[in-house]
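Remarks on the structure that follows.
The values are calculated or read from the model by the stated rules, or taken from the named source; none is laboratory data. Remember, it's a predicted structure, so these values are computed and weren't measured experimentally. Cβ placement follows ideal geometry from the backbone for every residue including glycine, while neighbour counts extend to all protein chains displayed. Each accessible area value is taken on the protein alone, full model and side chains, heavy atoms only, with ligands, DNA and RNA left out. Shrake-Rupley method; radii C 1.70, N 1.55, O 1.52, S 1.80 Å.
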Amino acid sequence: MSTLTEPSWPNVRLGDVGQSLIGLTYSPSSVKRSGTLVLRSSNIQDGSLAFDDNVYVDCAVPEKIRVRENDILICVRNGSRRLIGKSVILDRRVVGQTFGAFMAVYRSPSNPFLQYFFQSEDFKRQIDQHLGATINQITNGSLNSFVVALPTAPEQQAITASLQDADRLIATLERLIAKKQAIKQGMMQQLLTGRTRLPGFEGEWTVTPVGSLARVTGGGTPSTGVSSYWGGGIPWFTPAEISSGGAGLVATSERTITQDGLANSAATLLPEGSVLVTSRASIGNCAVAAVPVATNQGFTSMIPRDRRSTWFLYYWVQQYRAEFESRSAGSTFLEISASKVAAIPLAAPGLPEQQAIGEVLRDADTELDALKSRLAKARAIKAGMMQQLLTGRTRLPVEAAS
């Protein structure tokens with residue numbers, strides 16, 4: 001690698017080195033169960049092609065807007081402003097298909113390199129400059145006017161090869177995470193139902209209400225106008241701070257409450273090892289308290305009667321989340337009460353087996369969290385590489401392309 005002692009790259013407009021094309025307008029009557037695939041915003045997920053939500057049409061499609069390999073598909077109009085500009089480079093799987101009118105395709109010989117420009121902060125900045133005040137749209141003219149620093153073809157190839165290596169590592173980690181998640185889900189289905197038993201355990205499981213394994217309690221919030229209630233030593237959680245899945249251990253929160261504040265609310269101090277379960281909106285998200293915590297009204301949490309039940313209960317909530325949702329009620333918003341949670345029937349083995357099942361599943365989550373951390377680092381490294389390589393701050397030797 002070298003520094004900017006070499007000549008800098010020329011700035012060119014996208015319209016000078018390629019062309020952008022607006023997609024197909026079609027009537028609802030043209031939509032069929034099969035035919036020509038119309039690529040839309042939903043076909044771009046996390047920078048990759050996705051085929052979970054497809055639309056097909058049976059109508060005339062101009063040859064010019066039938067997609068080619070290495071075309072770059074871009075969302076140029078959407079109800080959500082943040083989706084404007086998301087893109088993907090197209091591969092041979094969709095050659096000959098088309099794209100919708102809210103999309104554009106950019107076509108040029110430099111697309112293998114330019115796909116990374118379309119992912120860059122510089123591209124997003126230029127989008128922000130061109131977006132209308134009321135309509136979430138970038139026009140064909142705007143797209144063609146966007147400026148990119150374009151190196152020579154050999155240097156484009158070197159940069160592309162380097163960033164493709166980063167993409168391959170990211171894709172490998174994503175596939176591995178998906179595989180491990182599927183394995184964990186299968187383990188949960190087997191272990192939490194007793195279909196598969198861990199070595200050394202036998203005997204019948206007992207069906208009993210949740211309340212026999214844990215004391216179920218709601219949360220509460222004191223007056224937000226009394227400043228002396230806040231800023232204490234007890235972490236205080238809202239449902240927004242609890243995400244579904246993962247190893248789910250929580251210890252800190254942006255907001256803390258005092259003992260006085262806790263005493264002046266309906267909240268209970270949940271001891272370490274309690275299972276926090278959201279009871280409104282996203283019902284059934286859960287986490288385990290690593291330290292004593294308090295929660296607002298959006299929770300019906302479980303205080304295990306024996307700590308050996310903690311992680312068994314945590315994974316049981318994940319596996320049977322539908323039970324919580326089906327028992328919820330409300331006219332303004334859905335909610336499940338502590339009494340209804342306590343009454344849910346639960347099939348459980350003895351405490352030693354509960355503990356063993358929890359430990360096995362937690363080990364699987366620990367492995368998944370480590371892989372997700374590696375993935376986050378790989379994405380951050382790629383972002384840093386793009387910032388350096390696409391601006392010419394760091395230069396690669398041309399030989400790197402060979």
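Could you sort out which of 64/86; 32/64; 86/377; 179/377; 184/372 sit more than 24 Å apart by Cα distance in this structure? Don't jump to the answer; show the numbers that get you there.
Details: 64/86 22 Å; 32/64 22 Å; 86/377 21 Å; 179/377 19 Å; 184/372 15 Å.
Check vs 24 Å cut-off fails for no pair.
Relative to the longest principal axis of the chain, what angle (0 to 90°, nearest 10) does the C-alpha long axis of helix 153-191 take?
Between helix and principal axis, roughly 20 degrees.
With point charges of +1 on the Cβ of Lys and Arg and -1 on the Cβ of Asp and Glu, referenced to the Cα centre of region 88-152, which listed residue (114, 136, 98) lies farthest in the positive direction of the dipole?
98
Solvent-accessible area of residue 256, probe 1.4 Å, all protein chains present, reported in Å² to the nearest ten, please.
Result for residue 256: roughly 40 Å² accessible.
What figure in square angstrom, to the nearest 10, would you give for the accessible area of residue 125 with a 1.4 Å probe?
110 Å²
Quote the relative contact order of the chain in percent (integer), defining contacts as alpha-carbon pairs under 8 Å separated by 6+ residues.
Numbers: 737 pairs, mean separation 72.7, N = 402.
Across the chain, relative contact order equals 18 percent.
Using Cα-Cα distances under 8 Å and only pairs 6 or more residues apart, what relative contact order does region 16-134 have, in percent? It would help to have the intermediate numbers written out before the result.
Working: 217 pairs, mean separation 37.5, N = 119.
Answer for region 16-134 is 32 percent.
If the elastic network links every pair of Cα atoms under 10 Å, which of 32, 179, 124 fluctuates the most in the Gaussian network model of the chain?
So, out of 32, 179, 124, the one fluctuating most is 32.
Is region 101-251 best put as rounded, prolate or oblate by its Cα gyration tensor, with a ≥ b ≥ c the root eigenvalues, rounded for a/c under 1.5, and otherwise prolate when a/b is larger than b/c, oblate when not?
Numbers: a/c = 3.22, a/b = 1.66, b/c = 1.93.
Oblate, since a/c reaches 1.5 and b/c is not below a/b.
Above 23 angstrom, tally the Cα pairs of region 234-386 and express them as a % of all pairs, no decimals. Working shown, then result.
Values: 4895 of 11628 pairs.
Tail of P(r) above 23 Å: 42 percent of Cα pairs.
With +1 assigned to the C-beta of every Lys and Arg and -1 to the C-beta of every Asp and Glu, and no other charges, what is the dipole magnitude of region 184-310 about the Cα centre in debye, to the nearest 20?
On the way: 9 positive and 7 negative charges, 56 e Å.
The dipole of region 184-310 has a size of about 260 debye.
In nm, what is the difference between 0.36 nm times the number of residues separating residue 144 and residue 196 and their Cα-Cα distance? Intermediate values should be presented prior to the final figure.
On the way: separation 52, 0.36 × 52 = 18.72 nm, distance 5.96 nm.
My answer for the length gained is 12.8 nm.
Build a GNM of the chain with springs between Cα atoms under 10 Å: which of 300, 98, 224 gets the top mean-square fluctuation?
Between 300, 98, 224, it is 224 that shows the largest mean-square fluctuation.
Ordering 155, 204, 335, 63 from largest to smallest accessible area (1.4 angstrom probe), what's the sequence? Before the final figure, lay out the partial values.
Details: 155 15, 204 175, 335 60, 63 135 Å².
From most accessible down to least: 204, 63, 335, 155.
Given the options 59, 75, 286, state which has the largest fluctuation in a GNM of the chain using a 10 Å cut-off (strictly under) for Cα springs.
Per the Cα network of the chain with a 10 Å cutoff, 59 tops the list.
Percent of accessible area on the chain owned by carbon and sulfur, 1.4 Å probe?
51 percent
Taking only protein heavy atoms into account and a 1.4 Å probe, give the accessible area per residue of the chain in Å². Write out the running numbers ahead of the final one.
Numbers: 19860 Å² over 402 residues.
Heavy-atom accessible area per residue stands at 49 Å².
Given R₀ = 35 Å, what would the calculated FRET efficiency be for residue 339 paired with residue 366, taking r from the Cβ atoms and rounding to 0.05? Please report the intermediate quantities before stating the final value.
Values: r = 34 Å, r/R0 = 0.98.
The value I calculate is 0.55.
Between residue 387 and residue 11, what FRET efficiency comes out of the Förster formula 1/(1 + (r/R0)^6) with R0 = 22 Å and r the beta carbon distance, rounded to 0.05? Each step should come with its number before you reach the end.
On the way: r = 17 Å, r/R0 = 0.78.
Given R0 = 22 Å and the Cβ-Cβ separation, E is 0.80.
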